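This report concerns only the one structure given below.
The values are calculated or read from the model by the stated rules, or taken from the named source; none is laboratory data. Just so you know, these numbers come straight off a predicted model, no measurement behind them. All Cβ positions, even for glycine, are placed from backbone atoms using ideal geometry, and neighbour counts span all protein chains on display. Each accessible area value is taken on the protein alone, full model and side chains, heavy atoms only, with ligands, DNA and RNA left out. Shrake-Rupley method; radii C 1.70, N 1.55, O 1.52, S 1.80 Å.
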Amino acid sequence: MSVTAPQGFTAAGIAAGIKSSGQPDLALVVNQGPRLAAAGVFTSNRVKAAPVLWSEQVLKGGQVSAVVLNSGGANACTGPRGFQDTHATAERAAEALGHNAGEIAVASTGLIGELLPMDKLLPGVDTAVAALSEHGGEKAALAIKTTDTVHKTAVAQRDGWSVGGMAKGAGMLAPGLATMLVVLTTDADLDSIALDRALRAATRVTFDRVDSDGCMSTNDTVLLLASGASGTTPAEDEFTAAVREVCADLARQLIGDAEGASKDIRIEVVNAASEDEAVTVGRVIARNNLLKCAVHGEDPNWGRVLSAIGTTDAAFEPDRLNVAINGVWVCKNGSVGEDRTLVDMRYREVVITADLAAGDASAEIWTNDLTADYVHENSAYSS
């Protein structure tokens with residue numbers, strides 16, 4: 001159920017000593033080919049971590065033979081030294097694997113503004129290489145956790161080929177991409193151009209629509225690697241659907257593990273004038289802290305949904321807006337609808353439907369409630 005589910009991949013996860021806790025903190029995923037095609041999408045934050053800058057350059061060549069990932073340190077805002085450390089990591093992995101450093105991606109997660117302990121990380125790369133296994137996907141997924149309470153993996157099996165993936169993410173979740181490190185693998189035989197189209201189409205409606213707390217990371221990295229080991233070249237739409245399935249599964253797991261959350265909130269915006277406007281409205285609802293607090297208190301306070309919608313420039317008439325919470329239309333035509341006491345909010349998932357009555361476009365955004373535990377965790381956070 002992870003990156004080693006498709007043929008042609010090995011992985012490892014080890015404790016290199018980067019984390020003071022002694023927990024696993026270094027992962028390695030290796031593409032054994034015969035194809036080394038790859039694509040990637042990264043944070044849109046203008047402040048980018050050193051491994052993001054490095055991996056963006058690597059991806060320009062369209063080939064990735066291995067990915068080194070560490071938790072316990074973001075290597076962000078670390079200046080020239082940080083970039084040199086990323087380069088050294090790729091060089092060390094290349095030497096140990098007999099690969100080209102220019103085809104090795106690097107990803108990091110953890111506290112911003114601190115240099116990585118390279119005296120521990122580099123020997124850890126050697127240890128990870130020695131531990132590579134066709135069954136190492138789960139250990140790799142465990143090694144990239146920071147505040148995650150569980151590791152996150154997914155797979156989509158198709159006739160003769162598959163897509164696997166692992167993800168890290170629990171806080172600082174907002175689009176472009178959401179705080180995450182994600183490695184996706186496939187044994188389908190496709191080139192980097194096809195991978196790029198599929199990955200961007202999938203992330204657009206999955207990872208880019210996870211908006212837990214409105215905070216954008218410096219380190220977001222989603223990589224898709226193809227080994228071609230199955231010898232099968234699926235139709236592009238079929239492949240994109242499989243990648244989207246894995247991304248959606250992982251994105252849902254990210255929300256389910258969001259720091260301190262007690263509710264997973266699915267925001268459906270329907271009958272919008274355009275998909276972009278539906279996303280805009282969904283996003284502003286997802287980021288409304290008053291609403292998120294109300295959901296935590298199991299209070300169907302639909303007025304907070306309308307007030308959020310009203311801050312956007314989306315097309316709508318206030319007296320035609322409708323809102324449902326868990327299927328109860330508590331607001332109709334911008335006014336009082338069904339009895340709000342009919343709304344049952346006892347369960348983990350809460351669905352908020354906003355009907356703009358302005359067109360036929362729709363979009364879905366996932367977020368979570370705002371809890372005291374979230375505040376506590378992020379006031380005390382340190383890798």
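May I ask which of LYS48/LYS152; LYS120/LYS152; LYS19/LYS145; LYS263/LYS292 have a Cα-Cα span longer than 19 Å here?
Details: LYS48/LYS152 24 Å; LYS120/LYS152 25 Å; LYS19/LYS145 11 Å; LYS263/LYS292 9 Å.
Flagged as over cut-off: LYS48/LYS152; LYS120/LYS152.
Counting only protein chains, not ligands or nucleic acids, how are CYS293, CYS77, CYS247 ordered by accessible area (probe 1.4 Å), most first? All intermediate terms of the calculation are to be shown ahead of the outcome.
On the way: CYS293 65, CYS77 85, CYS247 0 Å².
Of CYS293, CYS77, CYS247, the descending order of accessible area is CYS77, CYS293, CYS247.
With everything on Cα atoms, drop me the angle between helix 192-204 and the longest principal axis of the chain, reported from 0 to 90° to the nearest 10.
Between the helix axis and the principal axis of the chain, the angle is about 30 degrees.
Using DSSP, restrict attention to beta bridges with both residues in segment 126-244 and report what percent are antiparallel, rounded to the nearest 5. Spell out each step's value before the answer.
Working: 12 of 18 bridges.
For segment 126-244, the DSSP antiparallel bridge percentage is about 65.
For the chain, set up a GNM with springs between Cα atoms under 10 Å and report which of VAL330, VAL68, VAL155 has the largest fluctuation.
Taking springs between Cα atoms under 10 Å, the residue moving most is VAL330.
Among DSSP bridges having both ends in the chain, what percentage is antiparallel? Round to the nearest 5.
On the way: 47 of 67 bridges.
Taking every DSSP beta bridge within the chain, about 70 percent pair in antiparallel fashion.
Report the one residue of ALA167, ALA15, THR149 whose Cα lies farthest in the direction of the positive end of the charge dipole of the chain (charges on C-beta: Lys and Arg +1, Asp and Glu -1; origin at the Cα centre).
ALA15
Carbon and sulfur together cover what percent of the accessible area of the chain at a 1.4 Å probe radius?
Numbers: 7150 of 14750 Å².
Carbon plus sulfur share of accessible area: 48 percent.
Only one of the listed values, (i) 65, 42, 40; (ii) 58, 48, 36; (iii) 67, 48, 33, was derived from the coordinates as Cα extents along the principal axes in Å; which label is it?
Entry (iii).
Can you give me the angle between helix 118-130 and the longest principal axis of the chain, using Cα atoms only, in degrees from 0 to 90, rounded to the nearest 10?
Roughly 80 degrees between the two axes.
Given a 1.4 Å probe and the protein chains all in place, what does the accessible area of PHE316 round to, in Å² to the nearest 10?
So the heavy atoms of PHE316 present about 50 Å² to solvent.
Using the crude model of +1 on Lys and Arg Cβ and -1 on Asp and Glu Cβ, and no other charge, please compute the dipole size for the chain relative to its Cα centre, in debye to 20. Write out the running numbers ahead of the final one.
Numbers: 30 positive and 48 negative charges, 134 e Å.
Dipole of the chain, to the nearest 20 debye: 640 debye.
On C-alpha positions alone, give me the angle between the axis of helix 275-286 and the longest principal axis of the chain, in degrees, nearest 10.
The helix 275-286 is inclined about 80 degrees to the chain.
How about segment 20-85: which trypsin sites (Lys or Arg not before Pro) there are in a DSSP loop, with at most 15 other Cβ atoms within 10 Å of their Cβ? All intermediate terms of the calculation are to be shown ahead of the outcome.
Values: sites: ARG35, ARG46, LYS48, LYS60, ARG81; in loops: ARG35, ARG46, LYS48, LYS60.
Here the sparse-neighbourhood loop sites are ARG46, LYS60.
Within 10 Å of each candidate Cβ there may be at most 16 other Cβ atoms; applying that plus a DSSP loop requirement, which trypsin sites (Lys or Arg not before Pro) in segment 286-371 survive?
Qualifying residues, ordered by number: ARG346, ARG348.
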